[in-house]
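Data first, discussion second: the structure below is written as structure tokens.
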Amino acid sequence: MSAVAALLDSRGALVSLRRTLAPVPPSVIACPGAARLRHALEGRLLDAIVVGQKALRNPELLQLRVQFPALPVVVYATFKPDDGEMLARLDGPGGVAAVAVEGVDDAIVGDLVRRALLSTARRALLSAAPRYLRLSEPIQQRAWDLLVEAVALPVQTGEIARRLGTSREHLSRQFAAGGAPNLKRVIDLLRVITAAQLLANPGYGVADVARLLGFASTPHLGITVGRIAGVGAEELRRMGPMKVFEAFVRNAMRSRR
């Protein structure tokens, strides 16, 4: 599952973040410095980075921000009057996603972080997707909601069926009813859309994204991207998530390749 990396100044801030994000993902990875953050970026699908005052002053973090500009950053710290310039230096395509004041916003910091997550942006982007995919039945919509949350895993149809309280065979039949794409194609669509989100960061290569999203290999990701979006994996950088979805609806919804 996805995670949030936290470079915070106090144990209390870390406890508040974990408490207000619980009990559902994302999990929180405590990073004492930029080296640990880089390790987290390489090993886990991160939904956001939450930073404190010390991290704001760390030039290594600013260098990482250049490599990963599309990853949301939430600032959770005590502030000084001259911190505005440092906030601006952390700016990415969407700006600093949110600012929480330690000691004031402790009870709601988790809510602020959730609103900023990469997965939250993905859900918002795909809010109209069930209509275009013809997912009109309750079981289709419930399965869709589960799949949107599980893109970091090689999701199995049987696991989705178990969580919905039905059989794999029944779910497969019902999901593809009414002209909707089959379940496997929708799983692949969501993973390719997430790959496009990740590749907006120059610090990620195609091989990195394949590993983070649980593909068997880099060629496996490339084959899946071609089947879903009709392009090579590297081209996802210029397409972006919405164009991937549009290409799928236009050309690949009913393909059996």
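The values are calculated or read from the model by the stated rules, or taken from the named source; none is laboratory data. Every value quoted in this text rests on a predicted model; they were computed, and no experiment measured them. Using ideal geometry, Cβ is built from the backbone for each residue, glycine included, and neighbour counts are taken over all protein chains shown. Note: areas computed on protein heavy atoms with side chains; ligands, DNA, RNA excluded. Shrake-Rupley method; radii C 1.70, N 1.55, O 1.52, S 1.80 Å.
Descriptive notes on the structure:
- Selected residue [surrounded by fewer than 20 Cβ atoms within 10 Å (Cβ to Cβ), part of a helix (DSSP H, G or I) and in contact with a Lys or Arg (Cβ under 9 Å, 6 or more places away or on another chain)] from R211, R227: R227
- Taken across segment 159-180, residues that are under 28 Å from L71 (Cβ atoms) and under 23 Å from the mean Cα position of the chain (by Cα) do occur, with at least one present.
- Checking the stated criteria, V192 turns out not to satisfy the condition of being within 14 Å of the chain's Cα centre (by Cα), among the β-branched types (V, I, T) and more than 22 Å from Y132 (Cβ to Cβ).
To keep it simple, each residue is scored yes or no on (1) open to solvent by 20 Å² or more (accessible area, probe 1.4 Å); (2) of a type in the set (S, T, Y); (3) under 30 Å from A5 (Cβ atoms).
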residue	(1), (2), (3)
V101	yes, no, yes
D106	yes, no, yes
T120	yes, yes, yes
A124	yes, no, yes
A129	no, no, yes
Y132	yes, yes, no
Q140	no, no, no
A150	no, no, yes
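- Scanning segment 2-33 for residues that are of a type in the set (D, E, K, R) and assigned to a loop (DSSP other than H, G, I, E, B) yields a count of 1.
- Of all residues in segment 19-39, those being closer than 15 Å to L117 by Cβ and in contact with a strand residue (DSSP E or B) (Cβ under 6 Å, 6 or more places away or on another chain) number 4.
- L45 being in contact (Cβ under 8 Å) with a residue 24 or more places away in the chain and either out of contact with any Pro (no Cβ under 9 Å at 6 or more places or on another chain) or farther than 20 Å from V96 by Cβ (or both): yes
- Every pair of residues 6+ apart whose Cβ atoms lie under 8 Å, when the first sits in segment 201-222 and is within 19 Å of Q156 (Cβ to Cβ) while the second is of a type in the set (V, I, T) and assigned to a helix (DSSP H, G or I): A210/T218; L213/T194; F215/T224; L221/V206; L221/V209
- Among (1) in a loop (DSSP other than H, G, I, E, B); (2) buried (at least 19 other Cβ atoms within 10 Å of the Cβ); (3) under 20 Å from the mean Cα position of the chain (by Cα), the one test that Q197 misses: (1)
- Some residue of segment 25-42 being open to solvent by 50 Å² or more (accessible area, probe 1.4 Å), at pLDDT below 85 and within 26 Å of G214 (Cα to Cα): yes
- Restricting attention to segment 13-24 and to residues that are surrounded by fewer than 16 Cβ atoms within 10 Å (Cβ to Cβ) and over 20 Å from the mean Cα position of the chain (by Cα), the residue that is farthest from L56 (Cα to Cα) turns out to be R19.
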